[in-house]
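See structure below.
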Amino acid sequence: AQSVTQLGSHVSVSEGALVLLRCNYSSSVPPYLFWYVQYPNQGLQLLLKYTSAATLVKGINGFEAEFKKSETSFHLTKPSAHMSDAAEYFCAVRSQNTGGFKTIFGAGTRLFVKA
Amino acid sequence: EPEVTQTPSHQVTQMGQEVILRCVPISNHLYFYWYRQILGQKVEFLVSFYNNEISEKSEIFDDQFSVERPDGSNFTLKIRSTKLEDSAMYFCASTNRGRNEKLFFGSGTQLSVL
């Protein structure tokens, strides 16, 4: 069975500081991995996805994530936080070839950005 | 960018009543999903739907739940007899191809069961 674990339900950074949101996955088959962002009172929007091409994936709004198979990780980073980055971030996994088409989400990490 | 539309945005109902949550997926999409998010908790998969039938469902999606695509554009989630614990934000999502494609989410329906 697939799953993702997000370390830290809340992360607080200062504006301009590095953002690091952690995600570890569990999958018996090669996974597709995603990061979604949720702003208040909105649905989830895709930030970036890993689909077994480049291991370093660049997404929207300056975010990127690196797939590390040896560590089963897919951490999300951004060099310099902006106030508008304050939101909830979800890591998600989907199997490449089994288990139907469902995407499994992590518990989410709420990012706070301090002025 | 095309959008998934969900109505209503808020639904209040009495315990034991039936509710229907409505979604209009993006027109050329083929795979449809319902997720729910209880306040402060993770986004949970409920059901996926493809080729006019359920392709997968979670343990949450019991006999009280059903989905339908009645007219080729709408995709509905029905809860026959609501319980207090059904109170959550329900998200509809769709995608047009396979596993590596992103999900397009609607803005959600906040269901409150009193």
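Remarks
- Shielding by other protein chains, A:40-51, mean Cβ within 10 Å: 5
- Tensor-based shape of region B:1-74 (alpha-carbon gyration tensor, a/c under 1.5 rounded, otherwise prolate or oblate): rounded
- The calculated pair-distance distribution of region B:71-111 uses every alpha carbon pair, bins of 5 angstrom beginning at 0, and gives 5, 18, 21, 21, 17, 11, 6, 1 percent.
- Of A:Lys102/B:Lys78; B:Lys42/B:Lys78; A:Lys114/B:Lys102, those spanning more than 28 Å from alpha-carbon to alpha-carbon: A:Lys114/B:Lys102
- Listed values for region A:10-16 are Karplus-derived 3J(HN,Hα) couplings in whole Hz (6.51 cos²θ - 1.76 cosθ + 1.60, θ = phi - 60°), namely 9, 10, 10, 9, 8, 4, x, and x replaces Gly and Pro.
- Candidates per GluC sites (Glu not before Pro) in region B:59-89, loop by DSSP, up to 16 other Cβ within 10 Å: B:Glu59
- Separation of alpha-carbon centers, region B:1-76 and region A:59-89, rounded to whole Å: 29 Å
- Most mobile listed residue (A:Ala17, A:Ala81, A:Ala92) in chain A, GNM with C-alpha springs under 10 Å: A:Ala17
- Gain in span if fully extended, B:Ser27 to B:Asn51, counting 0.36 nm per residue against the direct Cα distance: 7.2 nm
- Neighbours of B:Trp34, meaning other residues whose beta-carbon lies under 13 angstrom from its beta-carbon, give a summed charge of +2 when Lys and Arg score +1 and Asp and Glu score -1.
- Across chain A, the volume of the C-alpha convex hull divided among the residues equals 94 Å³ per residue.
- Shape parameters for the protein assembly as shown, alpha-carbon atoms, Rg then Dmax in Å: 17.6, 50
- GNM top mover of A:Gly62, A:Gly43, A:Gly16 - chain A, alpha-carbon springs below 10 Å: A:Gly43
- Square roots of 5 times each gyration tensor eigenvalue, C-alpha, region B:29-114, largest first, Å: 21, 15, 12
- Using a Gaussian network model of chain B in which every pair of alpha carbons under 10 angstrom is joined by a spring, one finds that among B:Thr13, B:Thr95, B:Thr76 the greatest mean-square fluctuation is at B:Thr13.
- Table column - 3J(HN,Hα) (Hz), region B:103-114, Karplus curve with 6.51, -1.76, 1.60, x for Gly and Pro: 8, 9, 9, x, 7, x, 10, 7, 9, 10, 9, 9
- Counting charges near B:Ser9 (Lys, Arg +1; Asp, Glu -1) among other residues having Cβ under 14 Å from its Cβ returns a value of 0.
- The Cα atoms of region B:46-91 give a gyration tensor whose axes a ≥ b ≥ c have a/c of 1.5 or more with a/b greater than b/c, which makes the shape prolate.
- Square roots of 5 times each gyration tensor eigenvalue, C-alpha, region A:43-101, largest first, Å: 22, 15, 10
None of the figures in this text is laboratory data; all of them are computed from the coordinates on show. From a predicted model like this one, the values you see are computed outputs, not experimental measurements. Cβ atoms come from the backbone with ideal geometry, glycine included; neighbour counts cover every protein chain shown.
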